[in-house]
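Novice: Right, I'll just put the structure down here and ask away after.
Read the figures in this text as sums done on the coordinates, not as results from a lab. Every value quoted in this text rests on a predicted model; they were computed, and no experiment measured them. Every residue, glycine among them, receives a Cβ derived from its backbone with ideal geometry; neighbour counts consider all protein chains shown.
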Amino acid sequence: MPFIHIPPGWKIPESRATPETVYIGLRGFLKTIGWGVAGAMGLWAGCGSGKSNPDAVATPIPATGSTADVSTTGDLYPARRNPRFGRLDRPLTSEYSASMYNNFYEVTTSKDVWRYVERFQTHSWQIEVSGLVEKPQVFDIDDLIRSMPLEERLYRFRCVEAWAMAVPWTGFPFRALLDRVQPKSSAKYVRLLTFFRPEEAPGQNAPWFPWPYYEGLTLAEASNELTLLAIGIYGRELPAQDGALIRLVVPWKYGYKSIKSIVSIELTAEKPSTFWNDEASNEYDFDANVNPYVPHPRWSQARERMIDTGEFRDTQLYNGYAPYVAHLYKT
Ligand code: MTE
């Protein structure tokens, strides 16, 4: 796929920008009337409503942030496709749609994230693994990637907003990283953290969100065969809008668990708090397992819409991955 340079779209036109005071006013208003009411009024998207139509955006393959000219791992692609995850029950989503329709609140709350990633510096990345491990370490991302068993996997991906896609990720199993740092027996959870650089990611200037974005898994979930740390998609490095340089992919959970642009992983004994659960605990729980029988308080989860074709499909329990993960939730 040739790289086509898109002119910088970083600066939001004045006409689109909302003054801070208005934001703060809205935030206070939302707290006052409650999230549910706000949602019903269409005031608050949260992780909860698709807005733009990707098919209406007539632009070729989107920008990839600042990595495009300084890539040092391009030679690793394409990675060998793992035959265990080499087929899906549906066609792959077009690369165009997967790159043009994103959730990345650090950048913008709208879906056209690709327009605003020009300043996002995705080179010289480091990731710290700390906490309850025998061998805490700060990894230079290039060294880490080159020392890991890279593979390509086709996964279904389901957002809590009821849109879905099917994409080829390149990455390595989370448990390969855990093997490197050797969790202590007291470790029960992992806490993951995104970068915090508001000068590069304008959404982080929104004071009402508890930046940086944070997520968590149980250690058993992180060690599951399905759990991937992804560094690429569609046979090339992750574009900035998809969570460069490294992101989580947990395909049986709603997409908000799949935290992007990770800089820190900490192993803990206590269950960590999570970004969306702290924002609206009645709407976004820690487990976040895809489940057609449990509606979101504001909409049904019984069906999902493919982002490129608009086709509707029945939602599958655990997003179709029950044979791999159902045992984790037996009580
Ligand atoms: N990670 C960070 N750091 N910030 C975010 O806003 N959004 C989450 C998740 N990871 C988000 C994030 C949500 S709600 C979804 S659905 C997926 O990213 C979307 O991934 P995609 O844009 O690659 O499709």
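Novice: Using the 10 angstrom Cβ neighbour count as an exposure proxy, how do Trp163, Trp299, Trp169 rank, fewest first?
Specialist: Ordered by Cβ neighbours within 10 Å, fewest first: Trp299, Trp163, Trp169.
Novice: So what is log10(I(q)/I(0)) for region 97-180 at q = 0.19, 0.20, 0.25 1/Å, when the Debye sum runs over its Cα atoms only?
Specialist: Per q value, in the given order, log10 I(q)/I(0) is -1.12, -1.15, -1.17.
Novice: A further question follows. What net charge is computed for the residues neighbouring Ala201, neighbours being all others with C-beta under 9 Å from the C-beta of Ala201, Lys and Arg scored +1, Asp and Glu -1?
Specialist: Here the charged neighbours net out to -1.
Novice: Hey, fewest Cβ within 10 Å first, where do Thr108, Thr72, Thr227 land in order? If you can, show how the numbers build up before the last one.
Specialist: Details: Thr108 22, Thr72 13, Thr227 26.
Neighbour counts put them in this order, fewest first: Thr72, Thr108, Thr227.
Novice: Kirkwood Rh over alpha-carbon pairs of region 194-331, then Stokes-Einstein at 37 °C and 0.692 mPa s: what D in µm² s⁻¹, rounded to an integer?
Specialist: 198
Novice: Treat the count of other C-beta atoms within 10 Å as a stand-in for reagent exposure and order Lys257, Lys271, Lys330 from fewest to most. Walk me through the numbers on the way to the answer.
Specialist: Numbers: Lys257 25, Lys271 12, Lys330 5.
Result, fewest neighbours first: Lys330, Lys271, Lys257.
Novice: Enumerate the residues in region 105-142 having an amide nitrogen under 15 Å from the point lying 7 Å beyond the Cα of Lys188 toward its Cβ.
Specialist: 132
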